[in-house]
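Worksheet: the structure to be examined is printed underneath.
No lab work stands behind these numbers, since they all come straight from the coordinates. On a predicted model such as this, the values are computed, not experimentally measured, just so you know. Positions of Cβ are backbone-derived with ideal geometry, glycine not excepted, and every protein chain shown enters the neighbour counts.
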Amino acid sequence: MGGRVAVLVSGSGTNLQALLDDPAIRPHIVLVVSDRPGVRALERADGAAIEALVIEPTGDRAALSEAVADALAERGIDVIVSAGYMRILGPPVVERWRDRWLNVHPALLPAFPGTHAVADALAAGAKVTGVTVHLVDAGVDTGPVVLQEAIAIRAGDDWDSLEARVHEVEHRLLPRAVRALLEDRLVLHDRVVEIREDP
C-alpha cells in the first residue's frame, strides 16, 4: 500500500516519536494533527520538519470530523494513525479511511475501553492489562484487533508505574502494525486480522 500517513495526537507524542524513529515509517509521515495547541507532540513534528495542524473541537463532533477529514483529504492522506488522540471522529473520517486507520489503546480490548483505561484497570483490581492496536470503526475502541500484548499488574503498581510499562509495549506494537499496513500485509477476514510475516 505505502502512501502518505497522518498521525493524530493529543499530548506528549511518545507514540509519534516511536513512529518517527522507525526508518521504514518515518518517510511516510507527512502530517501531524492535534486537537490541542502547545502539546509536546507538535514540537516533535516541528523537530522532524513535518507539517503540524491544530484542529480544536468546537463542541460539535460532526464539525470536528468534517474539519479533520477535509484537512486529510487536501493532503492526500492514505493512512491514519491515532497515537494518543483523545477525540472520537465520525463518519466523514471513519468511512473514507476504513481499514486504513489504526489506533493504539492501553488495555486488552474489549476490556477497559475509553479514555481512562490504565486507571480503570487499577481501580478494578485487574491482575492483567495490556496494549491493543486495532483498526478504527464507528464504535469506541471496537474495531478489529491487529495486535495485542498482555502486561501483568504488579502488587504496588500505581498509574505512573503501570503507564510506563504500557508505553514500552505501545512503542513496540504500534510501529509493527503501521509497517504491516503500509506494506499491505494486513489481511482482514470479517473481523479477524491476520498479519502476513515480515519480509
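Some values worked out for this structure:
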{"item": "Glu149 long-range amide H proximity, modeled H, under 5 Å", "result": "Val131"}
{"item": "Under 5 Å, built H, 5+ apart or other chain: amide partners of Val33", "result": "Val7, Leu8, Val9, Leu53"}
{"item": "Fraction of beta bridges assigned by DSSP in the chain that are antiparallel (%, nearest 5)", "result": "50 percent"}
{"item": "Theoretical gain in end-to-end length, Arg96 to Val128 [0.36 nm per residue, Cα-Cα removed]", "result": "8.0 nm"}
{"item": "Note, ³J(HN,Hα) from phi for segment 168-178, Karplus 6.51, -1.76, 1.60, rounded to Hz, x at Gly and Pro", "result": "4, 6, 4, 5, 8, 6, 4, x, 4, 5, 5"}
{"item": "Charge dipole magnitude, Cβ of K and R +1, D and E -1 - segment 5-195, Cα centre, debye nearest 20", "result": "260 debye"}
{"item": "Exposure proxy order (Cβ contacts within 10 Å, fewest to most) of Asp158, Asp22", "result": "Asp158, Asp22"}
{"item": "Segment 141-199 versus segment 33-78: alpha-carbon centroid distance in Å", "result": "24 Å"}
{"item": "Rg over Rh [alpha-carbon atoms, Kirkwood Rh] for segment 15-57", "result": "0.97"}
{"item": "Size descriptor, Kirkwood hydrodynamic radius, that averages inverse alpha-carbon separations across the chain, Å", "result": "17.0 Å"}
{"item": "Amide H contacts of Leu109 (H built 1.01 Å from N, under 5 Å, at least 5 apart or other chain)", "result": "Thr132"}
{"item": "For Arg44, Arg4, order by how many other beta-carbon atoms lie within 10 Å, fewest first", "result": "Arg4, Arg44"}
{"item": "Qualifying trypsin sites (Lys or Arg not before Pro) for segment 95-191 [loop in DSSP, other Cβ within 10 Å: at most 12]", "result": "Lys127, Arg154, Arg191"}
{"item": "Least to most buried among Ser161, Ser65 (fewest other Cβ within 10 Å first)", "result": "Ser161, Ser65"}
{"item": "Potential lengthening between Asp21 and Ala71 on full extension [0.36 nm per residue; Cα-Cα distance subtracted]", "result": "15.5 nm"}
{"item": "In order through segment 126-135: 3J(HN,Hα) via Karplus (6.51 cos²θ - 1.76 cosθ + 1.60), integer Hz, x for Gly, Pro", "result": "5, 8, 9, 10, x, 9, 10, 10, 9, 6"}
{"item": "Cβ-derived FRET efficiency at R0 30 Å, Ala138 paired with Val30, nearest 0.05", "result": "0.70"}
